[in-house]
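First up is the structure itself, then whatever we jot down about it.
The values are calculated or read from the model by the stated rules, or taken from the named source; none is laboratory data. Keep in mind the model is a prediction, meaning the values are calculated, not measured. With ideal geometry, Cβ positions are generated from the backbone for all residues, glycine too; neighbour counts draw on all protein chains shown.
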Amino acid sequence: MHMSVIRSLPLGFIALLSGCASILGGTGKQTLTLNSEPSGAAVHMNGTERGTTPFTYNYVAADGEELVFELRRPGYKAASVNIRPSRNNGILFADAMLLHIPYIVDKNNPKLYAMPTSEITLQLYKEFSEVAMRQALPISAVNSSVLNNTNLGKMQGKVMKLDKLSPFRDLLQPEILSGAVTSGLRDTWLDSKMARIGTSKGDETVQRAKMHMQPSIRSVQVDLRGERTSIYGPVELEMDWKIMSALAKDSVLLNIPQKTTYYANGDRVGDVINAAVTHAARLFAEHEGLQDQLAGFYGSGLALSKGSEVQMSAPTPIVFNTRREMIPALVRAVVTIQTDNGHGSGFLISNDGYLITNEHVLGSSANVKVKFEQGFTLDAQVVKVNKDFDLALVKVQATDLPALSIGDDKVLMLGEEIFAIGTPLDATLGQSVSRGVLSGRRELEGRFYLQTDVSINPGNSGGPFIDEDGKVVGVATMKISGKGLEGLGFGVPISVALKELNITIGKP
């Protein structure tokens, strides 16, 4: 062992070295026990495999001043922690003064170093498939039943009470912790975003997902040690994860109670509660059977959005002899829908007055006016809407109206000609016609659309896409516009529109 000596030593000093070492050895801070949840993970230190958890490590100065431990287990994401043993020359200096011997510094003596903690536990999280379908689950504000002045456990042996000065004071304003929940779910199969219930954007997000989640914290217990800037120890959290229906107010679809333990490993004390909630959210995503349950809720919600089945007879085909006569004949089945807030387009699919349009054209209106190309206007009733697909079914009381025949959007070829008929910009422009081609089939936010370069403008919404045979193949829905962007129009395929409005069309 190499030693640097300040001055020459008496011969008898050699016998004192062991005594000095025994004093240093009394600190007992050179050993680190490394645990994992679940256990049995391979421990790699500074890139070399050293054993499996639970693993006991005794510091050797040759391992360096910074130790990097990485835990690996099949089916789980690797977890790592960096440890910097601290060196305390003062211990050896005190021994030297006590024994009236020269001050000796042996930087390679492991007993001169101390671990910041004697035990560390790392949580391993399951890996999720990157190609798995993600399930939308909006998060409303976190609730907490942990009250002011509650005993939260101990820190440095002293009882912690929850108050506005506590490092866990976020429990008194739990909505702040919603970000910790979304952070924990970020790399999972759940697509979770904050949604403020009661706002138009928040309600729309929840409606599309068919559900939302209300996390609730029931209790917190800690046993922390260390400094406020570097805290170690367990944080026990009891939570309820409530899945709420978007279609029935205050209806609980599922409640999953959960008890988790987060192990702080050098955290700032003010970050511990956020880290514990993030940890709990990540484990929530691993709950067995949850994917199937949420998929079932979503499917049930979609079915409810369709409403009850509407059966109707296929319309009598509109007669035209030549391609030149086709569009002038078909415009008689396309209408302008007028509401208190503006207008849009629609088209008849039955001779007795059923017509399809966009949900956003109607807004909250239950009754609208429908203006026909022939010049007359009729009152109409909204039969049903499907906000998920921006579709609506409207009915006028009439008979023998011209109606469009249903085409097959699945056999459309790229580049095939498409016509759009509607009332763009102003109600005086009713039954305007534009022409383009099928540019592609796209999936946007989990919905399938026909893409076309047909000119679509405000007021065209809800109008039909017509194929080369004069049959309706889609419902004009939206246009993406911006500087330098042209020719990006989208429509719901007619097969999807009929399915999502639960319409069955029989024989004429």
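In table form, for the structure just shown:
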quantity	calculated
Of residues in region 131-144 being within 14 Å of the chain's Cα centre (by Cα) and not aliphatic (A, V, I, L, M), the one modelled with the highest pLDDT	Pro138
Residue match in region 247-254 (condition: of a type outside the set (A, V, I, L, M) and surrounded by 15 or more Cβ atoms within 10 Å (Cβ to Cβ))	no
Listing of helices (runs of 4 or more DSSP H) fully contained in region 289-390 that carry 3 or more residues being in contact with a Lys or Arg (Cβ under 9 Å, 6 or more places away or on another chain) and buried (at least 17 other Cβ atoms within 10 Å of the Cβ)	290-306
Residue ID - nearest to Tyr232 (Cα to Cα), chosen from residues in region 148-168 that are among the hydrophobic types (A, V, I, L, M, F, W, C) and exposed (fewer than 10 other Cβ atoms within 10 Å of the Cβ)	Val159
Ile337 being over 40 Å from the mean Cα position of the chain (by Cα), farther than 30 Å from Gln258 by Cα and of a type in the set (Val, Ile, Thr)	no
Index of the failed condition, Thr261 passing every other in (1) of a type in the set (S, T, N, Q); (2) assigned to a strand (DSSP E or B); (3) out of contact with any Leu (no Cβ under 9 Å at 6 or more places or on another chain)	(3)
Of all residues making up region 181-201, the number that are buried (at least 18 other Cβ atoms within 10 Å of the Cβ) and more than 25 Å from Glu288 (Cα to Cα)	1
Residues satisfying the stated conditions in region 337-364, i.e. under 10 Å from Val394 (Cβ atoms) and not hydrophobic (A, V, I, L, M, F, W, C)	Gly346, Gly353, Tyr354, Thr357
Single condition Lys210 does not satisfy, out of (1) buried (at least 23 other Cβ atoms within 10 Å of the Cβ); (2) out of contact with any Asp or Glu (no Cβ under 9 Å at 6 or more places or on another chain)	(2)
Residue satisfying all of: in region 440-453; in a strand (DSSP E or B) and either β-branched (Val, Ile, Thr) or under 27 Å from Arg332 (Cα atoms) (or both); modelled with the lowest pLDDT among these	Thr452
Boolean, Ala209 is closer than 30 Å to Glu127 by Cβ and at pLDDT below 95	yes
Which numbered condition Asp271 misses (of (1) without any contact (Cβ under 8 Å) to a residue 24 or more places away in the chain; (2) in a loop (DSSP other than H, G, I, E, B))	(2)
